[in-house]
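The values are calculated or read from the model by the stated rules, or taken from the named source; none is laboratory data. Keep in mind the model is a prediction, meaning the values are calculated, not measured. Here Cβ is always computed from backbone atoms with ideal geometry, including for glycine, and neighbour counts include all displayed protein chains. Each accessible area value is taken on the protein alone, full model and side chains, heavy atoms only, with ligands, DNA and RNA left out. Shrake-Rupley method; radii C 1.70, N 1.55, O 1.52, S 1.80 Å.
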Amino acid sequence: MLSRRQMLASAAALGATSGISPVFASSDFKLDQFIAELKELVSIDSKTGHEEGVNKIISIFEKRFRSIGWTVSLHPCPGRGNALVATSKPDQSKYDVVLCAHADTVQPVGYAQKYPFTLKGSIAHGAGVGDDKSSLLAVWWICKSLPKSVTDKLNVAVLINPGEETSNPATLKFFEEQGKKTPLALVYEPGRGEVKGGGFVKVRKGSTRLNIKFHGRAAHSGNNPQDGRNAIYAMALAIPQITAIQKKYPGATINGNVTKGGTAVNTIAAEAEVTFDFRFTNDATRDKVVAEVRAMCEKGFMDGVKSELVINRLGTALPETERSRKLMAVVDKAAAQIGQPKPQWLAVGGASDGNKLAAQGAAVVCAMGVVSGNLHDPEKEWTDLSTARPRIELSLKVLELLASKK
Ligand SMILES: [Zn+2]
């Protein structure tokens, strides 16, 4: 347990390294308060699907956003909990910009106690502290610090997803509806800890599972092997051919990671299947690859064995577009204006809610949150609280610039 005295000592140490921004006076950011609030969030188990815990987190933010006069609505997502929408104006049908974060974590129930919040210098540990609790909290601090000059011009919408780590039909529907309402989205996944000072994300690959089932014919492999058609053999031929498609599409990866097949060693295998993890940097590439795989399956890989492509859900990429480049330029300009280093923009493999918002046409930048790392490792996950204030200040400046353009 961290005493209040220890917290204040850490706060003082961090305060000494922070600069003063013209939009966010030093007196506005109270690190000791930020730490206490983060500690509270980390103490609540909010594993994806643990609705009780997730809703506790949601209700904390519901109260906070109501307390500053924002319009709040809750959107039940059965199996995940309540999604929250908070807008700076009463109108929830159309937004100027979305700030998005999530309340769930991958850490099992009980880990809040097993891996509690700890702080050493500026580095905080604890289950879910980096993904996404410190960044979720940063969104609140950004919003409550927004000057009236910004909220008069912009309808800022906060979306809190109760189930980011594993989507379900309800959360997907929520994002389908909300994504259509905004031209711009800033996503508060943690700033990328692999880059010194913390990276930002411009591209997140989309992913789709390509499952191919092979239907051959069984026969005794001693008595009449000539009558059989070996589905495993066909699958083995298919795997390198399908994997090779990735060479034609920069940034695409296709990996056959799970296979099944056969029933007994003395039986020619009538059935087999392989599932490929397919990732892509834009949806046009996705469609081309899927069409190629489908054509190959229709043609077949071996006489007498049918191949059938099954896709349950087409994922979507968070692509770099002309409009997202404009949003990146606003972030770059904001950083320059408040004396922060030029943001480093990364293309990464994992998806976020940014992918879902981009699928509805929003220009998206991601990893706007507090710089963190070792995500999903309950023992080592960290968030660097010395980056909380600069990241909050950066977003405030971004929103100020967006307001000035309106
Ligand atoms: Zn996350």
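Taking the listed residues Val97, Val106, Val72, Val85, the one that is in contact with an Asp or Glu (Cβ under 7 Å, 6 or more places away or on another chain) and away from the ligand (no atom under 16 Å from the Cβ) is Val72, with no other qualifying. Within the stretch 295-323, if we keep just the residues that are over 18 Å from Pro240 (Cβ atoms) and assigned to a helix (DSSP H, G or I), the residue that is most open to solvent (accessible area, probe 1.4 Å) turns out to be Glu298. Based on what the data block shows, is Ala359 outside the structural domain of Glu393 (by TED's automatic domain parsing), small (Gly, Ala, Ser) and open to solvent by 40 Å² or more (accessible area, probe 1.4 Å)? Here the answer is no, as Ala359 does not meet what is asked. For the stretch 113-142: of the residues being charged (D, E, K, R) and over 18 Å from Pro162 (Cβ atoms), which is farthest from the ligand (Cβ to nearest atom)? Applying the filter and picking the extreme gives Lys120. Summed over the stretch 220-242, the residues that are assigned to a loop (DSSP other than H, G, I, E, B) and without any contact (Cβ under 8 Å) to a residue 60 or more places away in the chain give a count of 5. Listed by first and then second residue, the pairs with beta-carbon distance under 6 Å, at least 6 apart or on different chains, first residue in the stretch 344-355 and touching a residue at least 40 places away in the same chain (Cβ under 8 Å), second more than 10 Å from the ligand (Cβ to nearest atom) and in a loop (DSSP other than H, G, I, E, B), are Gln344/Val195; Gly349/Lys205; Asn355/Thr316. Screening Leu210 with (1) open to solvent by less than 10 Å² (accessible area, probe 1.4 Å); (2) not assigned by TED's automatic domain parsing to the domain that holds Asp287 gives one miss only, at (2). For the stretch 162-172, the condition holds for at least one residue, the condition being that it is under 30 Å from Gly79 (Cβ atoms), open to solvent by less than 40 Å² (accessible area, probe 1.4 Å), in the same structural domain as Pro343 (by TED's automatic domain parsing) and in a helix (DSSP H, G or I). Screening Val106 on (1) touching a strand residue (DSSP E or B) at 6+ places or on another chain (Cβ under 9 Å); (2) aliphatic (A, V, I, L, M); (3) buried (at least 22 other Cβ atoms within 10 Å of the Cβ) shows it passes everything except condition (3). Could you list, in sequence order, all residues of the stretch 183-197 that are assigned to a loop (DSSP other than H, G, I, E, B) and open to solvent by 10 Å² or more (accessible area, probe 1.4 Å)? Across the stretch 183-197, the qualifying residues are Pro183, Glu189, Gly193, Glu194, Val195, Lys196, Gly197.
Taking Asn257 as the residue in question, decide whether it is out of contact with any Pro (no Cβ under 8 Å at 6 or more places or on another chain) and part of a strand (DSSP E or B). For Asn257, the condition - out of contact with any Pro (no Cβ under 8 Å at 6 or more places or on another chain) and part of a strand (DSSP E or B) - is met.
You will find that of Asp332, Asp384, Asp377, Asp353, the residue that is among the charged types (D, E, K, R), closer than 14 Å to Tyr188 by Cα and within 22 Å of the chain's Cα centre (by Cα) is Asp353 and no other.
Taking (1) assigned to a helix (DSSP H, G or I); (2) away from the ligand (no atom under 16 Å from the Cβ); (3) hydrophobic (A, V, I, L, M, F, W, C) in turn, Leu357 satisfies each apart from (2).
For first residues located in the stretch 243-264 and in the same structural domain as Ser221 (by TED's automatic domain parsing) and closer than 30 Å to Gly222 by Cα, partners that are surrounded by 15 or more Cβ atoms within 10 Å (Cβ to Cβ) and β-branched (Val, Ile, Thr) and lie 6+ apart or on another chain with Cβ distances below 6 Å form the pairs Val258/Thr275; Thr259/Val274; Gly261/Ile232; Gly262/Ile232.
Checked against the criterion of being touching a helix residue (DSSP H, G or I) at 6+ places or on another chain (Cβ under 6 Å), at pLDDT 95 or above and open to solvent by less than 70 Å² (accessible area, probe 1.4 Å), the candidates Ala238, Ala252 yield just one match: Ala252. A search for C-beta distances below 6 Å between a residue of the stretch 372-387 that is closer than 10 Å to Gly128 by Cα and any residue that is of a type in the set (Asp, Glu), counting only pairs 6+ apart in sequence or on different chains, returns Leu375/Asp131; Leu375/Glu381. Which numbered condition in (1) closer than 17 Å to Ser67 by Cα; (2) open to solvent by less than 10 Å² (accessible area, probe 1.4 Å); (3) assigned to a helix (DSSP H, G or I) is the only one that Ala157 fails? Against the list (1) closer than 17 Å to Ser67 by Cα; (2) open to solvent by less than 10 Å² (accessible area, probe 1.4 Å); (3) assigned to a helix (DSSP H, G or I), Ala157 comes up short only on (3).
Can you list the strands (runs of 3 or more DSSP E) found entirely within the stretch 83-139 that contain at least 1 residues being at pLDDT 95 or above and over 22 Å from Ser372 (Cα atoms)? Of the strands (runs of 3 or more DSSP E) lying wholly inside the stretch 83-139, those with at least 1 residues that are at pLDDT 95 or above and over 22 Å from Ser372 (Cα atoms) span 97-102. Residue check: is Pro225 at pLDDT below 95 and open to solvent by 10 Å² or more (accessible area, probe 1.4 Å)? For Pro225, the condition - at pLDDT below 95 and open to solvent by 10 Å² or more (accessible area, probe 1.4 Å) - is not met.
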